[in-house]
Amino acid sequence: MMLQLSLVSSIDDASYDLFVSTLSNLCGNPPVVFGNFTAMLKPNPAFDIEQVNSKNQLVEQSRIKLCRGLPLQEVEADNAKRDFRLLKKYQNDEVQGLDLQIIQDMLHGSRDLDEMEVDGGSNKGGSGAQDVWSLSISDIPTAGSGRKVSTQAITETTVLASGGSSPSIVSFLSELGYVLDFQLLVLGIKFNMNNGVFLELSKIWRLNDGRTEQITKGGFLVKAFVNVAKSTDIKSINSGTTSLLALQKELSGYVELEIPDRKSMDSRLENKNDI
Amino acid sequence: MHSTVIFSEKATPASITEFHDILSNDLVSIKEKWSFEFKTYRLTVKNLPQGSSKLMHVITFTNRDNQSVIIKNNSAIVTSPATEGVQPSLTLNGCSAGTLDTFDNLLASKLSNLWTQRQNIKGDFGSTFKTTELTVRATNVFSYGGFKGLLIELECEDDVSDGEFEQRVMKIRHLLDDMLTGEYRVCSASMDPKNRNLICDLAFQYVKVLEV
């Protein structure tokens, strides 16, 4: 279990260029372009699931997050052109250049064996039907009025491959008791600031019936975060908090980094109706 | 790549030494020690359709980078808690925070309302023998401290035909027939013969021989 400390904000599309050049100056490095596909799964609603476990402890149902990198060469084939300007093309619902079928194949396993080889090959030397995912469950951020940053615990593991007669991550997770809830696409840039702070600017789309709808239309989500490997490592938590607050102060008056609403970061099943 | 798993409940704790002695004429080398852990989880959901399986197995192999295979029915995934095993594509794209837990941990801490652990079978500090034909791994198996039997894992790294592998396995089985009294369980099956995956097949064979 690790801890993620974070602060968030947003900027509009028009401020993008200036923000990127300001941040590049501040951290001394240009940002890196990244993209990922996230599938959220929820416990099968047909199941009658107990609220307590065998030790009679209360266990709330939480969503599982599956996440995997996007093949960015699909979006922009030229490696040299894959810099922050790439994101300026993406102000609408449409994610140009990305074949959504690839994503469905990632999730459900490609039916066409030849296609699978091509997919594996483009993921840097993967052998055959590699199915690498990050699988995580996050807690609701810790409560308390005295908090200066958001603190969220995340339990994560990596899935290296799927096997069996229908080898796909989704078919395994349905055996585990989980079904697909919603799916997101993220394209963004990431600054590696000092002291272990990362700052991400991202565009987010919701994927629905093979169509994409941008939920960050008109702007970008700004997220500054520090990952702390051990939740008991008070020293790292304190220094991470200090670093985040220093960045918050530095950008203050320009972009206001704030603590995100902890309810909107809650992945428990019962929560969705509250937002 | 082929594999077979053999489990004898009738063996004694000393059988493994006896097995080593019998095998010693054919040994090329003796390799590293190894362990495995076999856990059974049971789905707590009550309103499942009749006849559907409630058991899931998590098999962890220390000698294979601590990878775990999780098997339920005919689906399996391979997971790893090794941080160095995180694919760069995951970290670079903001999917992984780089600190990993085992799948067992995830089940115990987050999904214990769905899954309860039932059984814990272990093989600790087993031996690995290399013969000219096969890699033979043998270990005594314990469940909560009590001796359960002898488990032997046969693996062939060479690219041989199914028939050839079967013959090599038979030679070992003949040795065992002379040595052990009573029946033992053998499984050479693959989860999906059209699409072999060594570690998944191996885990599947563990389930078949250990789960009564």
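The values are calculated or read from the model by the stated rules, or taken from the named source; none is laboratory data. Note that the coordinates shown come from a computational prediction; the quantities given were computed from them, not determined experimentally. Here the Cβ positions follow ideal geometry from the backbone for every residue, glycine too, while neighbour counts run over all protein chains shown. Please note that ligands, DNA and RNA were not included when accessible areas were found on the heavy atoms of the full protein model with its side chains. Shrake-Rupley method; radii C 1.70, N 1.55, O 1.52, S 1.80 Å.
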#### Entry: Size of electric dipole in chain A: Cβ of Lys, Arg +1 and of Asp, Glu -1, about Cα centre, debye, nearest 20
980
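If you wrap a convex hull around the C-alpha atoms of chain A and split its volume per residue, what is the figure in Å³?
162
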### Message
Going through the cross-link list A:LYS89/A:LYS190; A:LYS190/B:LYS72; A:LYS148/A:LYS230; A:LYS81/A:LYS203, which pairs have a Cα-Cα distance over 27 Å in this structure?
### Response
A:LYS190/B:LYS72
### Task
For A:LYS223, go through the aspartates and glutamates and keep the ones whose alpha-carbon is under 16 Å away, minus same-chain ones fewer than eight residues off.
A:ASP12, A:ASP13, A:GLU200, A:GLU250, A:GLU256, A:GLU258, A:ASP261
### Task
Using a 1.4 Å probe and ignoring any ligands, DNA or RNA, find the accessible area of A:ARG262 and quote it in Å² to the nearest 10.
90
### Listed residue (B:SER89, B:VAL28, B:ILE71) projecting farthest to the positive dipole end of segment B:2-210, Cβ model
B:ILE71
#### Entry: Accessible surface buried once B binds A (1.4 Å probe; total of both sides; Å²)
4200
### Message
Distance between the C-alpha centers of segment A:19-79 and segment A:1-16? Whole Å please.
### Response
14
### Query
Peptide A:134-140: average number of partner chain Cβ atoms within 10 Å per residue?
5
### Query
For segment B:2-210, what is the charge dipole size about the Cα centre, in debye to the nearest 20, if Lys and Arg each add +1 at the Cβ and Asp and Glu each add -1 at the Cβ?
1100
### Summary
quick shape note, segment A:49-115: Cα extents on principal axes in Å, largest first -> 56, 33, 22
#### Entry: Residue mean of other protein chain beta carbons inside 10 Å, B:185-191
1
## Note on the structure
The set of cysteines in the protein assembly as shown having no other cysteine's C-beta under 4.7 Å reads A:CYS27, B:CYS156, B:CYS187, B:CYS200
### Cα-based Kirkwood hydrodynamic radius, the protein assembly as shown, one decimal, Å
24.8
### Task
Considering the options A:ASN36, A:LEU5, A:PHE84, tell which one lies farthest towards the positive end of the dipole of segment A:2-265, charges being +1 on Lys and Arg and -1 on Asp and Glu at the Cβ, about the Cα centre.
A:LEU5
### Task
For n ≥ 4 DSSP H runs only, could you compute -39500 (n - 2.57) per run for chain B, divide by its residues and tell me the 222 nm figure to the nearest 500?
-7500 deg cm²/dmol
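Of all the C-alpha pairs in chain B, what % are more than 26 Å from each other? The partial results should precede the final answer.
Values: 8847 of 22366 pairs.
Pairs farther apart than 26 Å: 40 percent.
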### Summary
Taking every other residue with Cβ under 13 Å from the Cβ of A:CYS27 and scoring Lys and Arg +1, Asp and Glu -1, one gets -1
### Query
Can you give the mean number of other chain Cβ atoms that lie within 10 Å of the Cβ atoms in peptide A:168-181?
4
### Summary
Restricting to lysines and to Cα separations under 24 Å from B:LYS130, and discarding same-chain partners fewer than 8 apart, the set is B:LYS31, B:LYS33, B:LYS122, B:LYS171
#### Entry: Nearby aspartates and glutamates by direct alpha-carbon distance to A:LYS263 (threshold 19 angstrom, same-chain neighbours under 8 apart not counted)
A:GLU60, A:ASP139, A:ASP181, A:ASP274
### Task
For segment A:157-275, evaluate the Debye formula with one uniform point scatterer on each Cα (no solvent term) and list log10 I(q)/I(0) at q = 0.12, 0.16, 0.22 Å⁻¹, rounded to two decimals.
-0.70, -1.11, -1.31
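Would you work out the charge dipole size for the protein assembly as shown about its Cα centre, treating the Cβ of every Lys and Arg as +1 and the Cβ of every Asp and Glu as -1, and quote it to the nearest 20 debye?
Values: 49 positive and 61 negative charges, 313 e Å.
Roughly 1500 debye, rounded to the nearest 20.
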### Task
Quickly rank A:175-182, A:30-37, B:70-77 as a protection proxy: mean count of other C-beta atoms within 10 Å, highest first.
B:70-77, A:30-37, A:175-182
